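K.L.:
Submitted below is the structure of interest, expressed as structure tokens.
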Amino acid sequence: MIYELYLSAIRSLLSNKTRTFLTMLGIIIGVFAVITLIGVGEGIQNYVTKQFSSLGSNLLFVSPGKRNLRGDPGANFSSNKLDDKHVKLIETYSSDFVTGITPYIEIGKTLSYKNKNYYTVVNAFDEDGFSTYNLTLDSGRFFTRADITSNSRVVVLGSNILNELFSNQDPVGKNIKIGDKTFLIIGVAAEKGGSIDNRAYIPYTTAKSIFNIKNYSSIVMKALDSENVDSAMKRIEIALYRDLDKDEFTVLSQKDLLNSFSSILSTVTLGIGAIAAISLLVGGIGIMNIMLVTVTERTREIGLRKAVGATPNNIAIQFLIEATALSVLGGSIGIGLGILVAFLIRTYANFDATVPLWSVLLAFLFSACVGILFGTYPALKAAKKDPIEALRYE
Amino acid sequence: MAVEPILSLKNINKSYQIGGQKIEALKNVSIDIHPGDFISIVGKSGSGKSTLMHIIGLLDTPTSGQVILNGKDVSKYPEEHLAKVRNSEIGFVFQAFNLLSRATTLENVMLPLQYSNTPKKNWERKAMEMLKLVDLQERVNNKSNELSGGQRQRVAIARALVNDPSIILADEPTGNLDSKTGSEIIKKFIELNKLGKTIILVTHDNDLAKIADKVFVIKDGEFVK
Ligand SMILES: Nc1ncnc2c1ncn2[C@@H]1O[C@H](COP(=O)(O)OP(=O)(O)OP(=O)(O)O)[C@@H](O)[C@H]1O
Ligand SMILES: [Mg+2]
């Protein structure tokens, strides 16, 4: 009998397609928004995790100012004092815990070759920076100590820049402009996946002299042992206290960054959840409203069904199925649209938006629950109708 | 030895309370219905015919008195239970046909089977048999809003018969039909009665009432004779 009821529910939904569609709209939009946003969030999460893990988990950073990853962003605005003195301090007092200590400068610059331009992030560090960031070569060479000491105008390009400016031809030996300064291309880094492939690398000494930079964006190093990251961080702090106050610098590990990112993402997820709840609530009220109208319109049908033997339960189930079909259908359309948009983002925006199975199941379950929750009152109303009154209803 | 009645009403009273006023729709009505009877209940508008029919059809419960179906007093049964009894024992034919307009002829006839214990595989066969009985085999897949009034009423008769009920109740079955179509429907009832069906015809039309074997005249909620 459930099958017959399901059939008659579908039929009555089809008999007024416009109304059915408009009623489902709330659920469609809500579920669609949630599925898409979860897909995008998942994509961001994957992207960031991949990026971090390609750098290695024992990377440590010293950044200027007091950084509290979870709290008060205003605390960041103290002036940047990081310079060579601090690199020396870490080298002198922490070398048994860390290696590959390099000053690190990050500047946004336009690269140009012939008439093509490409805006990207230029990283400046010393010859150790390549191993600290796990970079390898596709062609040419990295810069050396000699390049550092002589402030050479040399650059190593990330693999994506080849596509953008050199049509994938090997550019080693050619000249490229960074801002308005000319640099010799000495190497191309192997592809790592992610935005790191868009970058260009120059000696930090060159960056300081040519682009007139006084302080470092950060000092980067690797803990010798990934088990000992915490003690390495302690050691670096102690070394830096010789010159800096405790609110003039922060030592961060890769893990801290990843954690802070995850906590931001989970806040966003919570926000999405709240929007979803509201839209499902609105959608549910829409369904309840239309179901009440339907019950009134079909008073005669209810009377007839009761006359030929339908029990109040039979009637209640019939209208509950109809409400649930409405919400589940709306939810399914929303899920379908969400998956479609995630697919479009994946294909056209080159961004790995994936809709996880759990979000599909959750959305489906939620829309079914909305139907049952908001369909119950109209269904009970239908079940309570007196058959005589119902049959007499004009 | 007298045959046991299928249905007896014993001293039925039905009153409605409107405002402070008490309307007595039925006063001390008793009737025995035996298998194979063709009974008509005739009376003016407002005399209590429909009220009586609703009580016979177990759609309504009396204020006082007993409704005895196959030897059991069903007047105090709960609603769920009455629905089951209606499903198997009573077939209704209404003045306004009351078909599901979006459903086909066949689906309309199968409706009471949905609420019965009949296995699903037999539904279509049973419904087809009933449609043959009312000469509608050709209109099986039409929607009911594609049928004429007479055809609709025949679908309603087939629907009333499909669960093989003890009693067929018809309330003004020809009220919405022209006289020619109306008399065809009446002929159908006579035919069904010859096949052994028990029929109760409710009408305000004295001439129509006379085709029944037994005529009960109701006036102001009471039988007169
Ligand atoms: N639900 C109700 N509430 C109050 N009074 C009612 C109700 N139903 C019926 N009545 C009254 O009971 C009396 C009998 O009504 P009933 O519908 O049985 O008449 P009827 O013989 O079927 O009339 P008609 O030929 O017009 O259908 C009428 O006076 C009517 O007003
Ligand atoms: Mg009446």
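The values are calculated or read from the model by the stated rules, or taken from the named source; none is laboratory data. Every value quoted in this text rests on a predicted model; they were computed, and no experiment measured them. Because the Cβ atoms are built from the backbone with ideal geometry, glycine has one as well, and the counts that use them run over all protein chains shown. The accessibility values were calculated without ligands, DNA or RNA, using every heavy atom of the protein model including side chains. Shrake-Rupley method; radii C 1.70, N 1.55, O 1.52, S 1.80 Å.
K.L.:
What number of residues within region B:214-225 are within 21 Å of B:Gly175 (Cα to Cα) and either within 14 Å of chain A (Cβ to nearest Cβ) or away from ligand 1 (no atom under 13 Å from the Cβ) (or both)?
P.N.:
2
K.L.:
Can you name every residue in region A:210-258 that is part of a loop (DSSP other than H, G, I, E, B) and of a type in the set (Asp, Glu)? I'd like the intermediate steps shown before the answer.
P.N.:
Step one: list which residues in region A:210-258 are part of a loop (DSSP other than H, G, I, E, B), which gives A:211-217, A:224-225, A:241-248.
Of everything in region A:210-258, those that are part of a loop (DSSP other than H, G, I, E, B) and of a type in the set (Asp, Glu) turn out to be A:Asp225, A:Asp243, A:Asp245, A:Asp247, A:Glu248.
K.L.:
When region A:248-267 is examined, which residues are found to be open to solvent by 40 Å² or more (accessible area, probe 1.4 Å) and either in contact with a His (Cβ under 7 Å, 6 or more places away or on another chain) or aromatic (Phe, Trp, Tyr) (or both)?
P.N.:
A:Phe261 - this is the single residue of region A:248-267 that is open to solvent by 40 Å² or more (accessible area, probe 1.4 Å) and either in contact with a His (Cβ under 7 Å, 6 or more places away or on another chain) or aromatic (Phe, Trp, Tyr) (or both).
K.L.:
Please specify each residue of region B:48-67 satisfying the condition of being within 17 Å of the chain's Cα centre (by Cα) and more than 16 Å from ligand 2 (Cβ to nearest atom).
P.N.:
Selection gives B:Leu58, B:Thr61, B:Val67.
K.L.:
Consider region A:1-30. How many of its residues are within 11 Å of another protein chain (Cβ to nearest Cβ) and aromatic (Phe, Trp, Tyr)?
P.N.:
Number satisfying all stated conditions: 1.
K.L.:
Picking from A:Leu320, A:Leu270, A:Leu292, A:Leu280, which residue would you name as being surrounded by fewer than 22 Cβ atoms within 10 Å (Cβ to Cβ), in contact (Cβ under 8 Å) with a residue 40 or more places away in the chain and either touching a Phe, Trp or Tyr at 6+ places or on another chain (Cβ under 6 Å) or away from chain B (no Cβ under 14 Å) (or both)?
P.N.:
Within the list A:Leu320, A:Leu270, A:Leu292, A:Leu280, the selection yields A:Leu292.
K.L.:
Further question: Do you know which residues across region B:52-85 are in contact (Cβ under 8 Å) with a residue 40 or more places away in the chain and closer than 20 Å to B:Thr198 by Cα?
P.N.:
B:Leu52, B:Met53, B:Ile55, B:Ile56, B:Gly57, B:Val67, B:Ile68, B:Leu69, B:Asn70, B:Gly71
K.L.:
Another one. Tally time: how many residues in region B:162-211 are basic (Lys, Arg) and outside any loop (DSSP other than H, G, I, E, B)?
P.N.:
Looking only at region B:162-211, we keep the residues that are basic (Lys, Arg), and these are B:180, B:187-188, B:194, B:197, B:210.
This time we only want the ones that are outside any loop (DSSP other than H, G, I, E, B), so: B:180, B:187-188, B:194.
The qualifying residues number 4.
K.L.:
While we're here: Looking only at region B:6-29, filter to residues that are of a type outside the set (Val, Ile, Thr) and free of Cβ contacts under 8 Å to residues at least 40 places away in the same chain; which one of those is farthest from ligand 2 (Cβ to nearest atom)?
P.N.:
B:Gly20
K.L.:
Okay, moving on. Collect the residues in region B:143-161 that are within 14 Å of chain A (Cβ to nearest Cβ), touching a Leu at 6+ places or on another chain (Cβ under 8 Å) and free of Cβ contacts under 8 Å to residues at least 60 places away in the same chain, keeping them in residue-number order.
P.N.:
B:Ser144, B:Arg152, B:Val155, B:Ala158
K.L.:
Since B:Lys44 meets every condition but one in (1) buried (at least 21 other Cβ atoms within 10 Å of the Cβ); (2) within 9 Å of ligand 1 (Cβ to nearest atom), which condition does it not meet?
P.N.:
It fails just one condition, (1).
K.L.:
In contact with a helix residue (DSSP H, G or I) (Cβ under 8 Å, 6 or more places away or on another chain) and either open to solvent by 30 Å² or more (accessible area, probe 1.4 Å) or not β-branched (Val, Ile, Thr) (or both): is that true of B:Gly150 in this structure?
P.N.:
Criteria met by B:Gly150.
K.L.:
Now, a different point. Within region B:64-106, can you find the residues that are more than 12 Å from chain A (Cβ to nearest Cβ) and either in a helix (DSSP H, G or I) or under 21 Å from A:Arg298 (Cβ atoms) (or both)?
P.N.:
B:Thr105, B:Leu106
K.L.:
Separate question: Looking at region B:166-207 only, could you name the residues that are more than 16 Å from ligand 1 (Cβ to nearest atom) and within 14 Å of chain A (Cβ to nearest Cβ)?
P.N.:
Those that are more than 16 Å from ligand 1 (Cβ to nearest atom) and within 14 Å of chain A (Cβ to nearest Cβ): B:Ser166, B:Ile167, B:Ile168.
K.L.:
Please count how many residues of region B:160-212 are farther than 26 Å from A:Lys306 by Cα, small (Gly, Ala, Ser) and surrounded by 14 or more Cβ atoms within 10 Å (Cβ to Cβ).
P.N.:
Number of matching residues: 4.
K.L.:
Based on what the data block shows, is A:Ile335 under 18 Å from A:Gly284 (Cα atoms) and within 14 Å of chain B (Cβ to nearest Cβ)? Steps first, please.
P.N.:
Values: under 18 Å from A:Gly284 (Cα atoms): yes; within 14 Å of chain B (Cβ to nearest Cβ): no.
No.
K.L.:
A further question follows. When you scan region B:86-93, do you find a residue that is on the phi < 0 side of the Ramachandran plot and within 16 Å of ligand 1 (Cβ to nearest atom), even just one?
P.N.:
If we filter region B:86-93 for residues that are on the phi < 0 side of the Ramachandran plot, which is where we start, we get B:86-93.
Then keep just the ones that are within 16 Å of ligand 1 (Cβ to nearest atom); that gives B:92-93.
There is at least one residue in region B:86-93 that is on the phi < 0 side of the Ramachandran plot and within 16 Å of ligand 1 (Cβ to nearest atom).
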